[in-house]
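Participant: My questions all concern the structure below.
Just so it is clear, none of the values below were taken in a lab; they were calculated from the coordinates. These numbers come from a predicted model, not from an experiment. Here the Cβ positions follow ideal geometry from the backbone for every residue, glycine too, while neighbour counts run over all protein chains shown.
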Amino acid sequence: MTAAVEPSRILSVEGLSARYGHVEALHPVDLHVEAGELVAVLGPNGAGKSTLMRALMGLVPTQGSVAFHGHAVPRRNPAKAAAMGLVLVPEGRGIFAPMTVAENLELGAYLLNDKQEFARRHDRVMTLFPRLKERLAQTAGSLSGGEQQMLAVGRALMSDPKLLLLDEPSLGLAPRVIEEILQTLGELNRAGLPIILVEQKAPLVLTLARRAYIMSVGSIAAEIDPRQVKSHDELAHFYLG
Amino acid sequence: MLDLVAQSILSGIGVGCIYGLIGIGFCVIYNASGIVNFAQGAFVMMGGMVTYTAFARYGLPLPLAAALAIVLVAFAGVVLERLVVRPLWNRGSTMFVMILATLAAQIVIERLALLAAGDQPRTLPVFTDRPPLRILGLAVNFQFLWIVACSLLVIVLLALFFSSTKTGKAMRACSINRDAAALQGIPVSRMLALAFALSAALGAFAGILITPTQYTAFNVGVPFAISGFIAAIVGGFGRPLGAFTGGILLGVAQALAIVFLGSAFKNVAALSILLLFLFVRPTGLLGPAK
């Protein structure tokens, strides 16, 4: 069987930079994501990974261009970017803590007005994260850290993303929970969902990602194939420059 | 004496409902944006003045005039957001600048009302023109019943709006975490405009309800805004139900101060309550919203 001939590049970013006040937190970067890919963004704390995610969504003032499926992603309009299918699970999860789990999921599907489709997506999230099912009526803030991360991912899936961006989903979680979440992300990706996964702990994603960008002091220092990385020393070399 | 006290508590509750509605208006905008909208009083004044104009000048039936006023004032709320708040917001101005801008807007609206409608106080007829009911020896006039019933109705409707509609939930999401709300595709700036419309409509409604028992004029806005602001602080800023409770507490305290100390002490009582809460319980009755 031959694959249909179509441009496989879904996201292309050129010269994207971001500044907070007078500080350029993200120096111009270029990156791209191909259809069905899981791309990792690695780097130490403060390398600009979260800023890159926020810049992609237009949450911070930026320069440069972001194109998604050939259409320009508007700057400074994250709601519009979300409507295009670019969905970010932000650092710290960004769940609506005083609201119930059910309400959080409902807001994930804010742009959807089709009840049947809503039920379909809801079922899918419940299948992926059965633990959320028992907690639908609870406030999101009462969940454990792992459950909150599942809710954040579940909420993002409710919008049926075309590209899922995750900013350090492992932060503050127990290894067993991290493994569970990464496994789910792997499943989603194998089912065709392109993912950008930001991580500080590189070893976590090396088995999942086919490509990884290494960030350092506000810019992309290297692009690597994680499968080629033989040792932690080699990776440390990229981190330390 | 006891009768007099009971009677003034009753009238305090009536005025308190009005303060409470205005206080809720403060909360709605504050929750959506963090802005304390000092033009809130202008909405109250406009509610009464527009209703008067439509009713007395143009001969519209009172309910229609009131409905028209609420819609027009809600629209004025959106205009205020678009014209004054949004440009500052987009430029990344500090909260302080935006709050001062709403105060400036209050002055502008007040002066425009003076130019357009003159400085004469206006009033509206009571909604039900019948002698007061006598309940347990107390005279309960119909306007009081209108005020209390309408206020409670508005609160129930608001609670339903925020708990059961998608738009209401989206507004709550914006108040909890604006960035996260935007990431769900919620049009955050449209929610802000909606908050101004809702808040303005609440103010106008309060202004219409209270006008038959008092009067309205170009300059009634500021005193009402101050009372509503105190109600919101007493309740715990950003907590609608708290603001309503705070409003009633304030109304009753003022009424009692008038009975026992004389009418000159009305504002003393209001500001004393404010100070008392700021010293003893700065988070208000229900605690802060965030």
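Participant: Out of region B:183-290, which chymotrypsin sites (Phe, Trp or Tyr not before Pro) are coil in DSSP terms and have no more than 15 other C-beta atoms within 10 Å?
Facilitator: Here the sparse-neighbourhood loop sites are B:Y215.
Participant: Still on this structure: At q = 0.14, 0.20 Å⁻¹, what base-10 log of I(q)/I(0) does the Debye formula yield for region B:1-131 when every alpha carbon is treated as an equal point scatterer in vacuo?
Facilitator: -0.77, -1.21
Participant: Tell me the chymotrypsin sites (Phe, Trp or Tyr not before Pro) within region B:17-103 that lie in a loop according to DSSP and have at most 13 other beta-carbon atoms within 10 Å. Kindly include the intermediate steps, with their values, before the conclusion.
Facilitator: Working: sites: B:Y19, B:F26, B:Y30, B:F38, B:F43, B:Y52, B:F55, B:Y58, B:F75, B:W89, B:F96; in loops: B:F38, B:Y58.
In loop regions of region B:17-103 (DSSP not H, G, I, E or B), the sparsely surrounded chymotrypsin sites (Phe, Trp or Tyr not before Pro) are B:Y58.
Participant: Normalised by the residues of chain B, what does the relative contact order come to in percent, with Cα pairs under 8 Å and at least six apart? Let's see the in-between values first.
Facilitator: Working: 500 pairs, mean separation 109.8, N = 290.
After rounding, I find 38 percent.
Participant: What would the Debye equation give as log₁₀ I(q)/I(0) for region B:193-290 at q = 0.14 Å⁻¹, counting only Cα atoms as equal point scatterers?
Facilitator: Debye intensities relative to I(0), on a log10 scale: -0.57.
Participant: When DSSP assigns beta bridges and you keep just the ones with both residues in chain A, what percent turn out antiparallel, to the nearest 5? Write out the running numbers ahead of the final one.
Facilitator: Values: 22 of 39 bridges.
Rounded to the nearest five, the antiparallel share is 55 percent.
Participant: For region B:203-247 and region B:95-136, what is the centre-to-centre distance using only Cα atoms, to the nearest Å?
Facilitator: Taking the Cα centre of region B:95-136 as reference, the centre of region B:203-247 is 10 Å away.
Participant: I need the P(r) histogram for chain B: all alpha carbon pairs, bin width 5 Å from 0 out to the longest distance, whole percents.
Facilitator: Spelled out per bin, shortest first, that is 1, 6, 12, 17, 19, 17, 14, 8, 4, 2, 1, 0, 0.
Participant: Evaluate the charge dipole of the protein assembly as shown about its Cα centre and quote only its size in Debye, nearest 20, assuming +1 on the Cβ of each Lys and Arg and -1 on the Cβ of each Asp and Glu. Walk me through the intermediate numbers first.
Facilitator: Values: 41 positive and 31 negative charges, 182 e Å.
Magnitude of the dipole: close to 880 debye.
Participant: For chain A, modelled as a GNM with alpha-carbon contacts under 10 angstrom, which of A:M215, A:M150, A:M99 fluctuates the most?
Facilitator: Maximum among the listed residues: A:M99.
Participant: Another one. Give me the base-10 log of I(q)/I(0) for chain A at each q in 0.15 Å⁻¹, Debye formula, one uniform scatterer per Cα, rounded to two decimals.
Facilitator: Reported log10 I(q)/I(0), two decimals: -1.07.
Participant: Something else: What is the dipole size for region A:1-77, taken about its Cα centre, with +1 at each Lys and Arg Cβ and -1 at each Asp and Glu Cβ, in debye to the nearest 20? Don't jump to the answer; show the numbers that get you there.
Facilitator: Numbers: 6 positive and 6 negative charges, 74 e Å.
Result for region A:1-77 is approximately 360 debye, rounded to the nearest 20.
Participant: Take every Cα-Cα pair in region A:111-182 and report what % of them are more than 21 Å apart.
Facilitator: Here the long-distance tail beyond 21 Å is 27 percent of all Cα pairs in region A:111-182.
Participant: Once you've got the Cα coordinates, tell me which of A:K162/A:K201; A:K133/B:K169; A:K115/A:K201 are over 32 Å apart. Walk me through the numbers on the way to the answer.
Facilitator: On the way: A:K162/A:K201 25 Å; A:K133/B:K169 20 Å; A:K115/A:K201 40 Å.
Table pairs above 32 Å Cα-Cα are A:K115/A:K201.
Participant: Can you give me the three principal axis dimensions of the protein assembly as shown from its C-alpha atoms, in Å, biggest first?
Facilitator: 91, 47, 47
Participant: What is the angle, in °, between the Cα long axis of helix A:175-190 and the longest principal axis of the Cα atoms in chain A? Nearest 10 is fine, range 0 to 90.
Facilitator: Its long axis makes an angle of about 90 degrees.
Participant: For the charge dipole of region A:60-138, defined by +1 on Lys and Arg C-beta atoms and -1 on Asp and Glu C-beta atoms about the Cα centroid, which residue among A:Q63, A:L88, A:L132 has the Cα displaced farthest towards the positive pole?
Facilitator: A:Q63
Participant: Still on this structure, I have one more. With point charges of +1 on the Cβ of Lys and Arg and -1 on the Cβ of Asp and Glu, referenced to the Cα centre of region B:2-280, which listed residue (B:G168, B:L80, B:G246) lies farthest in the positive direction of the dipole?
Facilitator: Sorting the options by dipole projection puts first B:G168.
Participant: Let me ask another. Using the Kyte-Doolittle scale, which helices in chain B average at least 0.0 and also have C-alpha atoms spread 18 Å or more along the helix axis, with helices defined as whole DSSP H runs? Show your work: numbers first, answer last.
Facilitator: On the way: long enough: B:2-33 (45 Å, 1.51); B:40-52 (19 Å, 0.92); B:62-80 (26 Å, 2.73); B:95-117 (33 Å, 2.00); B:142-164 (32 Å, 2.39); B:188-210 (33 Å, 1.97); B:221-235 (21 Å, 1.95); B:240-261 (30 Å, 1.90); B:266-280 (21 Å, 2.19).
For chain B, where a helix must reach 18 Å along its axis and average at least 0.0, the hits are B:2-33, B:40-52, B:62-80, B:95-117, B:142-164, B:188-210, B:221-235, B:240-261, B:266-280.
Participant: If you take the alpha carbon radius of gyration of region B:109-232 and divide it by 2.2 N^0.38 Å, what ratio comes out, to two decimals? Can you show the working numbers first?
Facilitator: Working: Rg = 18.8 Å, N = 124, 2.2 N^0.38 = 13.7 Å.
Taking the Cα Rg and dividing by 2.2 N^0.38 Å, one obtains 1.37.
Participant: What is the distance in Å between the Cα centres of region B:146-180 and region A:9-65?
Facilitator: For region B:146-180 versus region A:9-65, the Cα centre distance is 37 Å.
Participant: Treat every Asp and Glu Cβ in chain B as -1 and every Lys and Arg Cβ as +1, leave all other atoms uncharged, and give the resulting dipole magnitude about the Cα centre to the nearest 20 debye. Walk me through the numbers before you get to the answer.
Facilitator: Details: 17 positive and 6 negative charges, 123 e Å.
Its charge dipole is roughly 580 debye.
Participant: I'm a student and want to see the number: the projected area of the Cα convex hull of region A:20-145, averaged over all directions, in nm².
Facilitator: Numbers: hull surface 39.3 nm².
That works out to 9.8 nm², a quarter of the Cα hull's surface.
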